[in-house]
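Engineer: Sending over a structure as structure tokens; questions will come in a sec.
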């Protein structure tokens, strides 16, 4: 009888320790996700800091393109007010769309392309866009790993019990693969 109680106690201890280990694994993965999202946000911040400089460098030369500047400002404001990862990702995608139009416009103005300030800012922005892409990829990798972990049996039972839920990957907006259309106003010299 004593052996039976020892076996039962050992099994309870084993399952209890397994539960604690799995819970700690989920906490570790959640922290890694949050840390990686912070890296994405750091690159967004860098991008958002560069945009006003690029806009002000270009603004005086392109009065008819004010709508793009307004869209950029509005999208940056939207990002600043976003609270969740999903809201921030949506706002960041909106910034990318407006920024893509601005960069396409710059390409159509030789005097802008030859400006050292604009070229330097565009290089900085290109570097930042590469960093954003790398950090998003890392974030998505961690999200996939986390989601896979919490979907496996019996982990899905434990994860649900402790409130660990599936996370969303960062996805490009629909139509992001298409280059932005830019219409040059007649009478503007190229």
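The values are calculated or read from the model by the stated rules, or taken from the named source; none is laboratory data. Just so it is clear, the model here is predicted, and its values are computed rather than measured. Cβ atoms come from the backbone with ideal geometry, glycine included; neighbour counts cover every protein chain shown.
Engineer: Tell me which residues, restricted to segment 7-59, are touching a residue at least 24 places away in the same chain (Cβ under 8 Å), under 26 Å from residue 165 (Cα atoms) and over 21 Å from the mean Cα position of the chain (by Cα).
Structural biologist: Selection gives 19, 22, 23, 25, 26.
Engineer: Also: Which condition from (1) out of contact with any helix residue (DSSP H, G or I) (no Cβ under 7 Å at 6 or more places or on another chain); (2) closer than 22 Å to residue 141 by Cβ; (3) modelled with pLDDT of 80 or more is the one that residue 96 breaks?
Structural biologist: Residue 96 satisfies all of (1) out of contact with any helix residue (DSSP H, G or I) (no Cβ under 7 Å at 6 or more places or on another chain); (2) closer than 22 Å to residue 141 by Cβ; (3) modelled with pLDDT of 80 or more except (3).
Engineer: Test each condition in (1) at pLDDT 80 or above; (2) in a helix (DSSP H, G or I) for residue 54 and report the one that comes out false.
Structural biologist: (1)
Engineer: In segment 105-168, which helices (runs of 4 or more DSSP H) lie fully inside it and hold 3 or more residues that are closer than 28 Å to residue 85 by Cα, modelled with pLDDT of 80 or more and under 17 Å from the mean Cα position of the chain (by Cα)?
Structural biologist: On the way: elements: 110-113, 116-151, 155-161.
Where helices (runs of 4 or more DSSP H) fall fully within segment 105-168 and carry at least 3 residues being closer than 28 Å to residue 85 by Cα, modelled with pLDDT of 80 or more and under 17 Å from the mean Cα position of the chain (by Cα), they are 116-151.
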